[in-house]
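Notes for the one structure printed next.
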Amino acid sequence: RIILEPPFELQRTGDFKQDVFVNLQALVRIFEKRIRAYPEEYLWSYKIWKYSRQKRVLVLVDSKTGHRRQAEALASVTAEYLEEKGISVESATVEVKFKNRLSVLRCAFRAWFCGRYACLGKLESLKGLLSEDAYRAIVSRKPDIVISCGSSVAPLALIVSRENLSTSMVVMRPSLVRAQEFDLCVIPCHDRVKPSKNTVVTFGALNLMTPAYLKQAASLLPDEHEAEGGFRGPVVGLLLGGETKDFSFSEADCAELIIQLKGFLEEADGRILVTTSRRTSSAVEQKIKESFGSYPRCRLLVIPNEKHVSHSAGTILAHSTFAVVTPESISMLSEAASSVPYVLTFRPQRLGRKHALFLRRMQEANFLRIPEIPDLGKELKDLWQRRPPVSTLDDRSLVKQALRRVL
């Protein structure tokens with residue numbers, strides 16, 4: 001049966017804005033009447049307010065902290081760009097949990113055959129692949145922009161973006177789906193990707209280290225640590241990671257590192273702020289506590305495996321003149337290079353090809369110094385005496401330029 005409404009008569013008073021409001025309201029009331037009468041027949045499969053002054057951003061991440069921080073950094077740059085244009089942004093992060101490894105592959109298979117409009121109305125098919133919490137969190141949102149980081153969640157992000165006709169963005173090169181399927185790919189140069197219209201190539205890992213974030217993080221240093229204790233020299237931030245398949249950090253390495261740092265601090269009359277990570281071995285943690293726990297020049301010591309301190313790395317970087325960072329974490333090195341005047345790491349015994357390429361390019365661009373551990377004190381002393389020009393990593397500006405093409 002077809003129901004024909006009487007002809008719709010437009011109101012024209014000469015007040016354009018008021019006429020638009022009144023006519024649109026009258027038209028919507030006609031829709032409302034029919035929807036209330038036949039709710040089971042109502043389906044709206046595209047965005048009615050796609051050009052509104054509000055945008056919703058959905059960030060999909062896996063369980064890796066580095067991936068979460070990179071995805072949220074892209075969301076931060078996106079929000080900053082849109083707010084400069086007078087568009088308000090609401091952002092939500094969902095940690096995706098698949099039911100099993102096979103579910104990841106099944107999701108990727110669906111993404112491969114997911115055309116621009118072929119996914120509409122198909123989100124329910126993901127119910128068997130995701131945990132109930134993740135599924136409900138995703139389907140309850142209608143995002144304008146979908147951001148992801150991590151190979152397992154990239155196919156899911158593509159499906160969700162096409163269901164909602166959203167802009168899709170991915171951090172790091174996706175391995176289970178093609179990069180050209182996304183509207184924007186933010187890929188670090190060590191992934192050796194060829195530049196293209198939808199790709200922006202960064203030096204390091206995108207991060208949240210903005211002046212505003214560092215100012216806020218600086219205020220988190222506990223009151224009892226704010227006093228300088230009479231020390232007038234530089235502040236060294238020590239960020240220790242942990243062992244990976246390509247990196248090991250022994251007690252002997254740690255002992256030599258401590259000797260180098262303490263020698264420099266005594267000579268330069270400096271202070272040190274220290275944090276380990278959840279990956280740091282118990283033997284190295286114990287060595288750090290013995291060496292810095294009662295050391296008068298140590299103004300902050302954080303052991304995350306014993307007590308979690310929010311934004312401890314950001315707080316340390318915000319106060320530091322020098323950052324000494326173990327070399328296994330690209331994210332941690334990128335954060336330091338984006339916020340501290342001088343960043344130093346040391347040469348590991350072995351590294352994967354991508355990691356070695358990252359360190360070499362960061363060193364060539366003067367974002368990073370890479371001495372051997374026994375030469376670390378000498379390098380710190382030389383930098384403190386010469387104060388060479390500072391090169392600060394700023395990948396966010398590159399991304400913001402790319403957003404002009406996408407949004």
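Bear in mind these aren't lab numbers, they're just calculated from the coordinates by the rules spelled out. Model, not experiment: these values are computed from the prediction. Note that each Cβ is placed from the backbone with ideal geometry, even for glycine, and that neighbours are counted across all protein chains shown.
For this structure, a couple of remarks:
- Along the axis of the charge dipole computed for the range 179-319 (Cβ charges of +1 for Lys and Arg, -1 for Asp and Glu, origin at the Cα centre), the listed residues LEU273, PHE182, ALA217 are led at the positive end by PHE182.
- DSSP finds beta bridges in the chain, and of those with both partners inside it, around 5 percent are antiparallel.
- Three-way shape label, the range 1-42, alpha-carbon gyration tensor, a/c 1.5: oblate
- C-alpha long axis of helix 395-406 to longest principal axis of the chain, angle in °: 10 degrees
- Reachable aspartates and glutamates from LYS99, criterion Cα separation under 20 angstrom, eight or more residues apart if same chain: ASP62, GLU124, GLU132, ASP133
- Full-extension gain in nm, GLU41 to GLU306, via 0.36 nm per residue minus C-alpha separation: 89.7 nm
- Crossing angle, helix 251-268 versus the chain [Cα axis fit, 0-90 degrees, rounded to tens]: 80 degrees
- Dipole of the chain [Lys/Arg +1, Asp/Glu -1 at C-beta], most positive-end residue of SER161, SER196, THR13: THR13
- Size descriptors for the range 54-182: radius of gyration and Dmax over Cα atoms are 13.6, 43 Å.
- From most to least packed by mean Cβ count within 10 Å, the peptides 74-84, 11-21, 331-341 give 331-341, 74-84, 11-21.
- Extreme residue, positive dipole direction of the chain, given options LEU240, LEU383, SER331 (C-beta unit charges): SER331
- The average projected area of the range 303-407, computed from the convex hull of its Cα atoms over all directions, is 9.1 nm².
- Of all lysines in the structure, the ones whose alpha carbon falls short of 22 Å from that of LYS194, not counting any fewer than 8 places away in one chain, are LYS354, LYS400.
- Residues ASP375, ASP183 in ascending order of nearby Cβ atoms (within 10 Å, fewest first): ASP375, ASP183.
- Identified option (computed Cα Rg over 2.2 N^0.38 Å; candidates (1) 1.21; (2) 2.04; (3) 1.10): (1)
- Note on the range 211-386: Rg/Rh from C-alpha atoms, Kirkwood Rh, equals 0.93.
- Helix-only arithmetic for the chain: the sum of -39500 (n - 2.57) across DSSP H runs with n ≥ 4, divided by the residue total, places the mean residue ellipticity at 222 nm at -12500 deg cm²/dmol.
- Summing Lys and Arg as +1 and Asp and Glu as -1 over all other residues whose Cβ lies under 12 Å from the Cβ of PRO304 gives a net charge of +1.
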